[in-house]
1. With θ taken as phi - 60° and the coefficients 6.51, -1.76 and 1.60, list the Karplus ³J(HN,Hα) couplings across segment 58-69 in order, rounded to whole Hz; mark glycine and proline as x.
2. Calculate, in nm to one decimal, what ALA41 and MET6 gain on full extension: separation in residues at 0.36 nm each, minus their alpha carbon distance.
3. Pick the calculated Cα extents along the principal axes in Å for this structure from (i) 52, 35, 27; (ii) 46, 32, 15; (iii) 44, 27, 15?
4. Of the options ILE15, ALA70, LEU49, report the single residue whose Cα projects farthest towards the positive end of the charge dipole of segment 11-74 (beta-carbon charges: Lys, Arg +1; Asp, Glu -1).
5. About the Cα centre, and with charges only on the beta carbon of Lys, Arg (+1) and Asp, Glu (-1), how big is the dipole of the chain? Nearest 20 debye, please.
Amino acid sequence: MTRPAMVPRPAATLILAREAAQGLEVFLLRRTHLAEFAGGAYVFPGGALDPSDQDEHWAAHCVGMDDAAASRLLHPRVL
């Protein structure tokens, strides 16, 4: 018996990081071992996109960095 092909859907990932005395700390979640995909893996939290995720009011929570500055850090080739 073959399984139907999985169809990817738009999703988001949230990376929480902070400077600490020992260096950079990154928040990860551990997926259940029962998960069909990547069971037991440590992952960044995330999930399906919701239309409200693109609401402009979220930008007010990003202190000290706008979208262009964050994009330059994540993708140095972006101008």
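1. Using θ = phi - 60°, the values come out as 5, 4, 5, 8, 9, 7, x, 8, 9, 4, 5, 5 Hz.
2. 10.7 nm
3. Of the listed options (i) 52, 35, 27; (ii) 46, 32, 15; (iii) 44, 27, 15, (i) comes from this structure.
4. The one lying farthest along the dipole's positive direction is ILE15.
5. For this selection, approximately 460 debye.
Quick note: the coordinates plus some simple rules give every number you see, no bench work behind them. What you see is a predicted model; the values in this text were computed from it and never measured. With ideal geometry, Cβ positions are generated from the backbone for all residues, glycine too; neighbour counts draw on all protein chains shown.
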